[in-house]
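In what follows, a structure is listed as structure tokens, so that the remarks can point back to it.
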Amino acid sequence: MSNKIVSTIGQVAKSALGIVGVRVGTEEPAHTSRRLTDMVEIRRYEPRIAAQTTVDADEEQARRDGFRRLAGYIFGGNTGSQKVAMTAPVSQSSADSQRIAMTAPVSSTADGDTWVIRFFMPSSWSMETLPTPNDDRVKLVEVPAETVAVLRFSGSRARGNVAPQMKKLSEVLHANNIEMSNEPMTWFYDPPWTLAFRRRNEVVVSVPEGS
């Protein structure tokens, strides 16, 4: 059996497993964690690298457009046409919250919503070894170490489902006297074809170190 056929079978199998929310061999950024409550987890991430793009559109359209741009980069749209493995999660946040949280340049316009979409790069790559994106709308950025509060949920990625989760997270942090360092962001771990009730989604917000 040729390597191409084996690779195709593997891709089909991964897609099938993705329907029910099984992620095979997908790297996530290393972190430590502890439970704050039954609903909320506190995690500590070390510095990591992300490919990011800024999109002026409504939330859902921005996620689609941003994903396509970043997927183009990791699937070979770069110097040397190198492939970079897909990781999880895909991050979406408002441009305003990212401008507050870090010094990396984030552009915005006065019209409409502006969102930052990120893919975190595999830990085997560095800023020196990652290929340069062909699309100048895709930037490689160093994400500083951070402590975050996380609330996990399933179901739709629409604002009507995400907003109540953000409210719950805010209420838990307030009840525990923990301040939020920026606006909550959303992290998505599964492809769009995953059954809604099997999806792993998270609302995430930076909190002071030691929280």
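So the values come out like this:
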quantity: Rounded to whole Hz, the Karplus (6.51, -1.76, 1.60) HN-Hα couplings of region 113-129, x for glycine and proline; calculated: 8, 10, 10, 10, 10, 10, 10, 7, 7, x, 5, 6, 9, 10, 4, 6, 9
quantity: Ser181 long-range amide H proximity, modeled H, under 5 Å; calculated: Ser206, Val207
quantity: Placed amide H near Asp113: partners under 5 Å, 5+ positions off or other chain; calculated: Ala57
quantity: Karplus (6.51, -1.76, 1.60) ³J(HN,Hα), θ = phi - 60°, over region 155-170, in Hz, Gly and Pro reported as x; calculated: x, 5, 9, 5, 4, x, 8, 6, 4, x, 5, 5, 5, 4, 4, 4
quantity: Gap separating the Cα centres of region 114-157 and region 164-211, nearest whole Å; calculated: 17 Å
quantity: Unit charges on C-beta of K, R, D, E only; dipole of region 144-202, Debye; calculated: 380 debye
quantity: Area accessible to solvent at Trp125, 1.4 Å probe radius, in Å²; calculated: 60 Å²
quantity: Chain lengthening between Asp96 and Asp113 when straightened (0.36 nm per residue, less Cα-Cα); calculated: 5.1 nm
quantity: Paramagnetic reach from Glu183 (point 7 Å along Cα→Cβ, amide N under 15 Å) across region 113-152; calculated: 113-117
quantity: Residue-by-residue Karplus 3J(HN,Hα) for region 183-189, coefficients 6.51, -1.76, 1.60, Hz, glycine and proline x; calculated: 6, x, 10, 10, 10, 10, 9
quantity: Amide proton proximity set for Ile49, modelled H, under 5 Å, gap of 5+; calculated: Met121, Val143
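The values are calculated or read from the model by the stated rules, or taken from the named source; none is laboratory data. Given the structure is predicted, the values throughout are model-derived calculations rather than measurements. Heads up, the Cβs are rebuilt from the backbone with ideal geometry, glycines too, and the neighbour counts pull from every protein chain shown. Each accessible area value is taken on the protein alone, full model and side chains, heavy atoms only, with ligands, DNA and RNA left out. Shrake-Rupley method; radii C 1.70, N 1.55, O 1.52, S 1.80 Å.
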